[in-house]
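Here the structure is laid out as structure tokens; the discussion comes afterwards.
The values are calculated or read from the model by the stated rules, or taken from the named source; none is laboratory data. All values derive from a computational prediction rather than experimental measurement. All Cβ positions, even for glycine, are placed from backbone atoms using ideal geometry, and neighbour counts span all protein chains on display.
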């Protein structure tokens, strides 16, 4: 029996196939995706193009629930980890595909100071840090659908208003998330935010990918990764950056040339790998942040040829190998998710930036607009 999301994808593909030659094929379909435990309805929007690429996004957490891509033989697979209905997302604290904020990643001790005033956030990460916006971050609320479009680019825009004091953060923050799929097989996610008083912001998408297909028996550790990064931010025992930037040369963090992730993920000779149980680190991206998105990462499955390139305008990208996925969650294809079944590459500002003066500022003032643009470009390696 097909899931609701798969039925949506099928409907869109049938509609696209029926279009006359030369017609604009980027389209969308909307449908129900179940309800949250408190009865709030969740909707799914599937974007699709004429090349067999589709992305399903749900209103719960403005979450990327599915990303379908063909391999070098044209065989399609869903490459994003996720669940089959809203209730499963609410029950599993996974962050799979979610829009996370108000501040993605960790803030040490859940504390920061802004304009001389100290703020205490909930310690929702083992009692030692604030993680991904708090106990009820943006991943755990139903976002409003603002607009959907079809044409050369199919898109959906969501919005969420976070009141002053929400999860301990100052200022009323109005956040937007736009997912746009074009005919070049590019899914662009654009986050924006404005505030009515000084605050801190760091929004990103927490998708976990496996280019072999989510739920595949081999997991994602056979994926080959390349990173445009000469340095990374080491962490302490609580996974909080120490504040220094360490060169990747001569370490397991050197992905400047392609490497199979699994060959290094258990390298206990580097204490940072032991602390993170693998990779769970912010990589410092080369090139200028804040301009046009530049190539940040390339992830490839050698067997299928599916390739995902990530372009970003942010200073860093969090590289995480699913180290804390413990086999207690069942994914949308009824496969148990285990450690190493997905790889997260999250364009972002640096973790704990409010407490590290050397890191780029994450402050947002009234009259300013926060922006994070990431492009997920799907191609195939032809061998």
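One table, with the values for the structure above:
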read-out: Subset of region 278-305 [assigned to a loop (DSSP other than H, G, I, E, B) and surrounded by fewer than 21 Cβ atoms within 10 Å (Cβ to Cβ)]; value: 286, 287, 288, 289, 290, 291, 292, 293, 302, 303, 305
read-out: Checking residue 299 against (1) touching a helix residue (DSSP H, G or I) at 6+ places or on another chain (Cβ under 9 Å); (2) under 19 Å from residue 94 (Cβ atoms), the condition it does not meet; value: (2)
read-out: The listed residue being surrounded by 20 or more Cβ atoms within 10 Å (Cβ to Cβ), in contact with a strand residue (DSSP E or B) (Cβ under 9 Å, 6 or more places away or on another chain) and outside any helix (DSSP H, G or I), out of 118, 155; value: 155
read-out: Pairs, first within 19 Å of residue 61 (Cβ to Cβ) in region 147-176, second assigned to a strand (DSSP E or B) and at pLDDT below 95, C-beta under 9 Å, six or more apart; value: 155/26
read-out: Among (1) under 16 Å from the mean Cα position of the chain (by Cα); (2) outside any helix (DSSP H, G or I); (3) crowded, with 22+ Cβ neighbours inside 10 Å - the single one residue 139 does not satisfy; value: (2)
read-out: Unique match (being crowded, with 23+ Cβ neighbours inside 10 Å and more than 19 Å from residue 179 (Cα to Cα)) among 133, 101; value: 133
read-out: Only one of 175, 193 that is touching a helix residue (DSSP H, G or I) at 6+ places or on another chain (Cβ under 7 Å) and not in a loop (DSSP other than H, G, I, E, B); value: 175
read-out: Selected residue (criterion: farthest from the chain's Cα centre (by Cα)) from residues of region 234-243 that are part of a loop (DSSP other than H, G, I, E, B) and under 19 Å from residue 95 (Cβ atoms); value: 238
read-out: Region 76-108: number of residues that are over 23 Å from residue 314 (Cα atoms) and not in a helix (DSSP H, G or I); value: 12
read-out: Those residues of region 196-227 which are in a strand (DSSP E or B) and either within 19 Å of residue 282 (Cα to Cα) or touching a helix residue (DSSP H, G or I) at 6+ places or on another chain (Cβ under 8 Å) (or both), in sequence order; value: 200, 202, 204, 205, 208, 209, 224, 225, 226, 227
read-out: 3 or more residues in contact (Cβ under 8 Å) with a residue 12 or more places away in the chain and farther than 30 Å from residue 91 by Cβ: qualifying strands (runs of 3 or more DSSP E) within region 306-383; value: 306-312, 370-380
read-out: Pairs where the first residue, in region 26-45, is at pLDDT below 95 and the second is assigned to a loop (DSSP other than H, G, I, E, B), C-beta under 9 Å, 6+ apart; value: 26/49; 26/50; 26/150; 26/152; 26/183
read-out: Any chance residue 166 is modelled with pLDDT of 95 or more, crowded, with 18+ Cβ neighbours inside 10 Å and over 16 Å from the mean Cα position of the chain (by Cα); value: yes
read-out: Any chance residue 231 is farther than 30 Å from residue 336 by Cβ and not in a loop (DSSP other than H, G, I, E, B); value: yes
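For every residue, the table says whether it meets (1) crowded, with 24+ Cβ neighbours inside 10 Å; (2) in contact with a helix residue (DSSP H, G or I) (Cβ under 8 Å, 6 or more places away or on another chain); (3) in a strand (DSSP E or B).
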site: 29; (1), (2), (3): no, yes, yes
site: 32; (1), (2), (3): no, yes, yes
site: 37; (1), (2), (3): no, yes, no
site: 56; (1), (2), (3): yes, yes, yes
site: 66; (1), (2), (3): yes, yes, yes
site: 74; (1), (2), (3): no, no, no
